[in-house]
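This report concerns only the one structure given below.
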Amino acid sequence: MADILLLLVGAILVNNVVLTQYLGLSSLMGAGGSVQPALGMSALVVGVLTLSAGLNHLLYHYLLVPLELAYLRTLVFILVIALLVAGVDLVLRKREPLWHKRLGTQLPLVAANSAILGVTLLNSERIDNFFIALLSGFGAAVGFGLVLILFAALRERLMLAAIPRAFQGSAISLVTAGLMALAFMGFAGLV
Amino acid sequence: MSLLSAILVLLVLALGCGVVLSQLARKFGADEPALVDRIDALLPQTQCGQCGHPGCRPYATAIAEGEAINRCPPGGDATIRSLARLLGQAPLPLDPTHGKEDVRKVAYIRENECIGCTKCVKACPVDAILGAAKHMHTVITSECTGCDLCVAPCPVDCIDMIPLKNEHQRWHWPRPDAAEARHQLIASDRLHEARA
């Protein structure tokens, strides 16, 4: 139990995908500056990343490695992620049309999210236990969602702040992200 | 050998993904939302709720799931006909339990009688009434759909529904008399008539 907790804390805070591994920055910047869509997108990423962590782990260890095709994993993982996002798109459109309308524009950001591909690629070498892979995928996704929501909230405030003209737009966003990364370095000794 | 297996694995995986997606699409009916959109486009967007649904889109969803097409009084005969054509059904007469077809109207607030209670503002489904508490309200005519929903809540009865005059944006040729039109049909009309 303590192991699981440590693993989750490590994946969410200490080895945060965005702020210590610098994955998924494009979707972080592209997700826009308000909390509501960020919440939806975090939920999407948690779902897709957890599922793809599990699926990719199974594919890698029970299909690609036995056939000595480990070098194909990038291609295969992209395929799996695209499949999951397309599936979510279909199901959402039918079951929750309002949600689909709200999140539809962000689905490509999830599909082309380097955080998802990066986490599954990194985990495929490091982890050989299905359950641990699933859990660390989930933890990474929660960490991504957390940063996404925090960052969106910060940008909501930045919108009202008096920013020098030279810093406006993506410049101040990047500075903010850098400061957030500095803050997250404080978690380094936690696990 | 290894190259062959690589190609084979990718092919099989891609095929598997395709099959899964096509099954999902079949199960969740990817085309149905498009149908709802097309039905919604034919409805008059008054959001009046006379059909028994809270707005036009919910009614469009209900029609897509099999509800009767003759429950929209503001759309009237014209809407029922175009819905029937879209869905391949026979056009029905308007269901009188939901109301009767009327000329298009627009709400008008007699402004010196308005007490600024904001009740009509809350009732308006399309946000066409402008005003704040204890200030006079008024209707944005171009946004008003003439749905009548603001008339009942008004405590001082200062809202009139005024029939819209025919202006050139809304003017249509009067429909030809059915008996007279019968021998003026052209070949492509016969098809529609046979289908109707």
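The values are calculated or read from the model by the stated rules, or taken from the named source; none is laboratory data. Keep in mind the model is a prediction, meaning the values are calculated, not measured. Backbone-built Cβ (ideal geometry, glycine too); neighbour counts: all protein chains shown. In case anyone asks, the SASA skips ligands and DNA or RNA and just uses the protein heavy atoms, side chains included. Shrake-Rupley method; radii C 1.70, N 1.55, O 1.52, S 1.80 Å.
Of note:
- The heavy atoms of residue A:160 offer some 150 square angstrom of accessible surface to a 1.4 angstrom probe.
- Using 0.36 nm per residue and subtracting the Cα-Cα separation, the extra length available between residue B:7 and residue B:89 on full extension is 24.5 nm.
- Positive contributions from Lys and Arg (+1) and negative ones from Asp and Glu (-1), summed over other residues with Cβ under 11 Å from the Cβ of residue A:100, come out at +3.
- Heavy-atom accessible surface of the range B:35-98: percent carbon and sulfur, 1.4 Å: 53 percent
- The alpha carbon centroids of the range A:135-191 and the range B:38-109 are separated by 49 Å.
- Under the Debye formula (equal points on every Cα, no solvent term), log10 I(q)/I(0) of the protein assembly as shown at q = 0.13 Å⁻¹: -1.08
- Taking only protein heavy atoms and a 1.4 Å probe, the accessible area of chain A is 70% carbon and sulfur.
- Probing with 1.4 Å while keeping every protein chain in the model, the per residue accessible area of the protein assembly as shown equals 58 Å².
- Inter-label distance, residue A:3 to residue A:156: 4.0 nm, where each label sits 7 Å from its Cα along the C-beta direction.
- Normalised by 2.2 N^0.38 Å, where N is the number of residues, the C-alpha radius of gyration of the range B:35-98 stands at 0.94.
- Principal-axis tilt of helix A:114-126 within chain A, Cα atoms, nearest 10 degrees: 40 degrees
- Mean residue ellipticity, 222 nm, helices only, the protein assembly as shown: the sum of -39500 (n - 2.57) across DSSP H runs of n ≥ 4, divided by residue count and rounded to 500, is -17500 deg cm²/dmol.
- The simple spin-label model puts a point 7 Å past each Cα toward its Cβ; for residue A:167 and residue A:35 those points are separated by 2.3 nm.
- Put a dot 7 Å past the Cα of residue B:19, heading toward its Cβ, do the same for residue B:68, and the two dots end up 4.6 nm apart.
- Translational diffusion of chain A, estimated by Stokes-Einstein from the Kirkwood radius over alpha carbon pairs at 4 °C in a medium of 1.567 mPa s, is 75 µm² per second.
- Overall Cα dimensions of the range A:62-126, principal axis frame, Å, largest first: 44, 19, 16
- Remark: accessible area buried at the A-B interface is about 1600 Å², both chains counted, probe radius 1.4 Å.
- Total charge dipole magnitude, the range A:20-143, about the Cα centre, Cβ charges on Lys, Arg, Asp, Glu only, Debye to nearest 20: 440 debye
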